[in-house]
Amino acid sequence: MDISIVLIVLLVGALVTYLSGNKFASKTALISSIAAFGATIISLNAFQNGEDLDVNLPWISQLNINFALHVDGLSLVMLVLTTGLLPLIILSGFITKFENSKSIYALMLFMGFAMAGTFLASDGFLYYIFWEIALIPIYFIALNWGNGDVEERKKAILKFFIYTFAGSLFMLLAFIYLYTKGGSFDITKLYALQLTTTEKTYLFIAFFLAYAIKIPLIPFHTWQANTYSKAPAVGTMLLSGIMLKMGLYSVLRWQLPLTDEVAKAHVPYIVGISIAGVIYGAIVTLKQKNLKKFLAYSSLSHVGLIAAGLYSLTFEGFQGAVLQMLSHGIVIVGLFYVVELIYSRYNTYEIKEMGGIRIQDTYFASLFMIIMLASVALPTTFNFIGEFNLLYSLFKVNIWYAVLAGTTIILGAFYMLRMFQKVMLGGETKSFKKISKQESIVLIIVVGLTIFFGLFPQPIIDLITPSLQSILTQIK
Amino acid sequence: MNILEHVGIENYLTLSALLFCIGAFGLLYRRNAIIMFMSIEIMLNAVNLLLVAFSSYHEDPSGQVFVFFTMAVAAAEVAVGLAILVSVFRNIGNIDIDNLKNLKG
Amino acid sequence: MNTTILLLLFAPLAGFLITLFFGKKLGKTVSGAIGTAAVAISFLCTLSLFSQINAGETIATFKLADWFSIGNIKINFSFLFDQLSVLWLLFVTGIGSLIHLYSISYMHEDENMHKFFSYLNLFVFFMIALVAGSNLLIMFIGWEGVGLCSYLLIGFWYKNQDYNDAAKKAFIMNRIGDLGFLIGIFILGFHFQTLEFLEIKALLGKDLITPSLLSIAALCLFIGACGKSAQLPLATWLPDAMAGPTPVSALIHAATMVTAGIFMITRMNFLFDLTPEIQNVIAIVGAITAIVAASIGLVQNDIKKVLAYSTVSQLGLMFLALGLGAYEVAVFHVITHAFFKACLFLGSGSVIHALHGEQDMRNMGGLRKVMPITFWTMMISTLAISGIFPFSGFWSKDEILMTAFHANIPLWVIGSIASIMTAFYMFRLMYLTFFNDFRGTEEQKHHLHESPALITIPLVILAALAAIGGAISLPGNSWLNHYLAPLFKKHEAHHLDGQAYMLMAIATVGALVGIGIAYAKYLKKKEIPVADSEVQGLHKVLSDKYYLDEIYMATIVKPIYMISNFAKKYVEKFISKAVIGLGGATYALSIKGKKIQNGNIGVYLFAFIFGMVGFLVYVFVIRVK
C-alpha cells in the first residue's frame, strides 16, 4: 500500500460524483471525501507503524522526471487537513442549492486531489503541476457559482487567477534553473545542490513571489478580499482553509531548505513584512462592512503571523506555523460556514443589516461564539497553541517582534468582539430561523476539533517534529 | 585557367555588393510587386555570384552546389509568388503593395 | 488526596456542563442548586486540603496530563497545592458558594438563569485553574478563562448594547494586560526553559538571565496584573463592568477575579524580590490608583459605581503593599476585602432588588427601617472597609499603612488620604441609601421589602466574616504570617511599639474625620447630590473620571479607527491600483505596439533591411573594435 491511494480515491471520487448526476452528487461527493479521509487515516496509521508509503514511478524518463510522492509527518499532517476539511466543506455546501451540482462537487473533489498532490509531491515538476491544476477548479467554482454581479465577479476572479498564476511562473523559472543545475527535479537532489549566494538570492525571490501571492502577504494580498467575497462559500473555504496553506507549506518544504543562507540573511525583512501584515490586516479588518471581506482580512492577519513564524527559522516557529495552519483551517471553515448560515437567512453579507440573532437562536450563538473565541486564540483552543508557539518563536528572534505581532491578540479580540456584537447581540431586529440539527453538524465538528486539539495537541507535535527537525538541519 | 587570377576576388565582391544594394534599394523604392520580386532575385543572384566566386577561390565545389540549390528554390518560390500575385491582381485589380494592408494590427 | 483534588477541580466544570446543556430542562431552581452544589463541593474539598496543609503536611503537586511541548519546554496540566493556592481557593470557593446561593434568589426572575449559573460555574473552574496551576501557562488558561467569563457575565443582558460595550471593553483591556503577561512568560520560558513556578524559583539563583531582562519580565507580568486587577492605566474597565448582574460584580469584580493580579505577583514573589525597581513601580502605581479611584468614588451617585471605584482603590492599596514586598499583608487585605466587599455588593444588590433595578442613590434613602438585615450587614462591612476598630479592614489596612510608613512616607500619606476618602464615600453611600426619607417613586415605596432568606443568609455570613476576619492576622501574633512564611523571603516583623499604636490612632482618627464629614453633609444637612448636568468645577472632573475614557477614546481608539478607515479607503485602493496598473500597463503597451504593425509591406521591408544592416554593423564593426 502506498499514499497514492488517497489521490486515487479523490480523483475517482470526482469522476463518480460527476457521473452520479445532479441528484446524488452532493452525497456521492461527501462519501468520496470521507473515503479519502479514511484512506488518509489508514495511511497515517501505517506511517506510524513504520511502513514506507512513498511512491516513485518513472514518468517522463527522458527528462528524468518522476511521479514521486514522499510521506513524512509534515506532509501527512497537511494531507489530513486537506482530506479532513474536504468533507466538512462539502457538508457545508448542503445548505446551498447549487445549479449543476454534479460539476461543483466534482470540482471540489478534484481540487482536493490537486491540493493533496501538492502536499505530497517530492518531484519539483510534479509539485508544480499539482500546484497549478489546483487553480483550475477554484477558478470555475468561483466563476460559475459565485455571488454578486457577474461582470464584477469575472473581473475579481480573473485578477485572482492571473495574479497567482503570474506568481507561480516565477517559481517555474526557479525550478527550471534548478533543473539545469542538477539535472533532476527530485527534492533530495535539489536539496543537495551547491549553489552560490547570488543564485540562492534569485531563487529566494522567485519562490517568495509565488508564495507571497498565494499566502498572501502584504502587499500582495489585493486579490484576496475580492475573491473571497465573490466566490461561493465552499470556494472561499477551499481557498482559505486549504489553498492558502499550500503557500505556507511550500515555504517550509521548498523555499527555505533550498535557499538556506539567503533566507537566514533576510529574516528581519521578511518577518518584518509578515508582522506588518498581521497588524495591517487587523486594522483593516476593523472597518470592514462585508462579513466575508471581514473574514478575508482577518485571515490576512492570521496568515501573516504564520508566515512570520516560518520565516523566523526557529523550530518553535515551524511547529507553531504547522499547528496554526491546522487550527486556522478548521476555524476559518467554521466562520465562513457561520456567515453562510446567516446569509441563507438574511440574504446579505452586510454587517449593518444583521443583529439580534443571539436572542433568537442561543444555540447557534454559542457555537459561533466558541469558534470566534478560538479565532482570537483563547487558551484551551487549538489556535492558542499555535499562536503561543508563533509568538514565542518571534520572541526568540527579537522581543519587539513578539510585542508587535502580539498586538494581534488585542486587535483580534477587538475586531472579533465588535463584529460579534454587531452581528449577534442586541435586541431582536430581523427574524432568524433557528438552525437545524443537520445544519449545526459542521459547527459542532469544528468546535469539537478546536477544543480537542487545544487540549491534546501533543500527538500532532510528535508527528511533525522529525520532519521539521530535518528541515531545520537542512537550513542550518 | 582560373579567371580569378586575372580579375581578382575583390572585384567580384564589389560587384556582388553593388548588385545586392541595387536589389535592396529596388525592393525599398518600388511599390510594384513584380519589380520587387525582380529586386529580390537580383539580391539572390548577388549572393549566388559571391558563392560561386568564393567556391572558385577556395577551390571547393560545395559553394557551387549551394548555388544550384538556391536557384532551384528561387525558381519554386517565384512560381508560388507569381501565382499569389496573379490571384492578388485578380482580386484587387493591381499589384501595388500599398493596397495590401490586411495584416494591419 | 488525588480524588479530592480531582473533585475540587472538576466539580465546577461538571456544574457548568450540566447547567449549560440541561439547565433549561431542569428548571431554574434545580440548575441553581446544582451550580451552587458544584462550588460547595469544591469548597469542601479545599477545606479538606487546607486542613492537611495547615497541619503541616507537605504541599502537593498534581499532574493531570501532558499538554504540549515547545522546543525543550514541556508544559503539563499540573497543579500546585501549597499554602498560598489553598488559602486563595478557600475564599474563592467559599465566597463563591455564598454568592451562588444568593444568586438563586436574586436571578430568579431572569429567563436565562441556568445560563447564569453555568457561566458562574465556568468562572469558578477557571479561577481554580488560575490559582492552583503549577506553571505560568495553566495560570494563563485560568487568566484568560476568567476574562472570558467576565465578558460573558458583564454582557449577560446582551439585549442592551451598552452592556455589550462594557463587556467588550473589559475583555480588550484585559487582553492588553494579557499581552504583557505573555511576553513575561516568553522571557522566563526562554531563559529558564521551564514555566513551573517551583523550578523557576530554584533556577533564579543560577544567573541564567541578566538582571535587566529579569526586570523586563517582572514589568511585563505586572502589566498583566494591571489589566486583570484594574490598575492605572488599565483601570477604566472595572467601573463599566458593573453592567453585569450584581452577584457577578460581587464575585468577579470585587472578591476574586480582580485579585488575580495580586495573586500572580504573590505567586512570583521570588522574582519580584529580585527586581526592586519594578517593586517601586508597583508601589507607585498602586498608590496612584488608590488615590485616583478613591477621589472619583467621592462623587459617584450610582451605588455600584461607588463600590467599583472603592474596589479599584482598595486593589491599589494591595499593590502598594506588594510593591513594598509585604506579600502577606497584601494577601491579608485581599481576604478581608473579599469579605466586606462581597458583602457590600450583595447588600447593594439586595437594595437594587428591593427597588426593582434602581441604582441611583439620589432616588434612595430611608431604607434602614424596611431592610434592617441588609442595613446592618452593610453597616458592618462599611465600618470594616473604613478601617474602624475592631473590624477586619482595620487590621489589614493598618498593616499596609504601617508598612508604607516604614518604607516611604509619601506613599503612606497617599495611602492614608485614600483611606480617609474611603471612609467618607462609604458613609456617604450608607447615609444616602439608608437614612433620611425615601426619595423614590410612590410605586417603589409601596413595594419596598426586605429580601428573602437566600439573599440575607449570605449577607449575614459575610458580614460576620467582615467583622471578625481580622483575627487571622493580628499584629504581633499573626496566624496568617506564620502560615504563609514558607513562601516568602524572611523579613523582620514590625514590632508593636509606641509608633505602631500611634499609627493606628492616626488611621482611626482619619477614618473618623471622613465619616464625620459624610455625617455632617448627608445626615445633618440632608444634602442630596445634584443632578449630573449641574455638576461643575473639580467636582465635574471627578465625576467624569478625570476624562480617562475620553482620553483613551481620543488617543487610542479613534486613531485606530482613523488608520483603519484610511487604510481601507486609500492604502488598499492604492495597492490594488498598483497591481491592476501592471495589467493596465501591459494592455496600454499592446495598444501602442500594434500601431507598428501597419500592414505596409514597404515599412516592414525597410525595418527588416535596416535592422539587418544595424545588426551587421554591430557584429562586424562595433563589436570587432
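The values are calculated or read from the model by the stated rules, or taken from the named source; none is laboratory data. Because the structure is a prediction, the values reported are computed rather than measured. Reconstructed Cβ throughout: ideal geometry from the backbone, glycine too, with neighbour counts over all protein chains shown. The area values use the complete protein model at the heavy-atom level, side chains included, leaving out ligands, DNA and RNA. Shrake-Rupley method; radii C 1.70, N 1.55, O 1.52, S 1.80 Å.
Tabulated results
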| item | result |
| --- | --- |
| Karplus (6.51, -1.76, 1.60) ³J(HN,Hα), θ = phi - 60°, over region A:65-77, in Hz, Gly and Pro reported as x | 10, 10, 8, 10, 10, 10, 10, 9, x, 4, 5, 5, 4 |
| Label zone at C:ALA485, where the point sits 7 Å out along the Cα-to-Cβ direction: region C:48-78 residues whose backbone N lies under 17 Å | C:53-59 |
| A versus C: buried accessible surface, summed, Å² (probe 1.4 Å, to nearest 100) | 5100 Å² |
| Label-point separation, C:ASN600 to C:LYS369 (7 Å along Cα→Cβ), nm | 11.4 nm |
| Label-point separation, C:LEU208 to C:TYR501 (7 Å along Cα→Cβ), nm | 5.1 nm |
| Principal semi-axes in Å for region C:552-622 [√(5λ), Cα gyration tensor, largest first] | 56, 17, 5 |
| Over chain B - Rg/Rh using Cα atoms and the Kirkwood inverse-distance radius | 1.11 |
| Net lengthening on full extension, A:THR429/A:ALA46 (0.36 nm per residue, minus Cα-Cα) | 132.5 nm |
| R0 of 51 Å, Cβ-Cβ distance B:PHE69-A:ALA192: FRET efficiency to nearest 0.05 | 0.50 |
| Kirkwood hydrodynamic radius (C-alpha pairs) into Stokes-Einstein, region C:343-382, 37 °C and 0.692 mPa s, D in µm²/s | 325 µm²/s |
| Accessible-area composition of region B:4-99, carbon plus sulfur, in percent [1.4 Å probe] | 71 percent |
| Integer Hz, Karplus 6.51/-1.76/1.60 couplings in order for region A:198-214, x for Gly and Pro | 4, 4, 5, 4, 5, 4, 4, 5, 4, 4, 4, 4, 4, 7, 5, 6, 6 |
| Check: the protein assembly as shown dipole with +1 on Lys, Arg Cβ and -1 on Asp, Glu Cβ, in debye | 2640 debye |
| Per-residue ³J(HN,Hα) for region A:421-428, Karplus 6.51 cos²θ - 1.76 cosθ + 1.60, θ = phi - 60°, Hz, x for Gly and Pro | 4, 5, 7, 9, 8, x, x, 5 |
| Cut-off 17 Å, label 7 Å out along Cα→Cβ of B:ILE92, residues of region C:560-599 by amide N | C:597-599 |
| Region A:182-317, Cα convex hull volume normalised per residue, Å³ | 110 Å³ |
| Members of region B:71-105 that become less accessible by 10 Å² or more once partner protein chains are added (1.4 angstrom probe, chain alone as reference) | B:ILE97, B:ASP98, B:LEU100, B:LYS101, B:LEU103, B:LYS104, B:GLY105 |
| Global size of region A:334-476 as Cα Rg and Dmax, reported in angstrom | 18.5, 59 |
| Accessible area (Å², per residue) of region B:4-99, counting only protein heavy atoms and a probe of 1.4 Å | 64 Å² |
| Coil-residue trypsin sites (Lys or Arg not before Pro) of region C:460-525, DSSP, other Cβ within 10 Å capped at 13 | C:LYS489, C:LYS490, C:LYS525 |
| Radius, Kirkwood style, for the protein assembly as shown when every pair of distinct Cα atoms is counted (Å) | 34.5 Å |
| Crossing angle, helix A:4-19 versus chain A [Cα axis fit, 0-90 degrees, rounded to tens] | 40 degrees |
| Cα-projected label distance for C:ALA453 with A:TYR269, points at 7 Å along beta-carbon direction, nm | 7.8 nm |
| Rg/Rh for region A:44-189, where both radii come from Cα atoms and Rh is the Kirkwood radius | 1.03 |
| Amide H contacts under 5 Å for A:ASP186, placed H, 5+ residues apart | A:GLY124 |
| Calculated FRET value between C:VAL619 and A:ASN56, using beta carbons and R₀ = 56 Å, to 0.05 | 0.70 |
| Cα-derived Rg to Rh of chain A, Kirkwood definition | 0.95 |
| Rounded, prolate or oblate (a/c below 1.5 giving rounded, otherwise prolate when a/b exceeds b/c) for region C:137-548 by Cα gyration tensor | prolate |
| CD proxy at 222 nm, helix term only [per DSSP H run n ≥ 4: -39500 (n - 2.57); per residue of chain C; nearest 500] | -22500 deg cm²/dmol |
| Within 10 Å of each Cβ in A:373-386, the average number of Cβ atoms from other chains | 3 |
| Cα-based shape type of region C:10-80, given that a ≥ b ≥ c are square roots of the gyration tensor eigenvalues and the cut on a/c is 1.5 | oblate |
| Two-site FRET efficiency, A:THR201 against A:PHE94, from Cβ-Cβ distance with R₀ of 51 Å, rounded to 0.05 | 0.55 |
| Percent accessible area from carbon and sulfur atoms, chain C, protein chains only, probe 1.4 Å | 68 percent |
| Angle between chain C longest axis and helix C:498-518 axis [Cα atoms, degrees, rounded to 10] | 80 degrees |
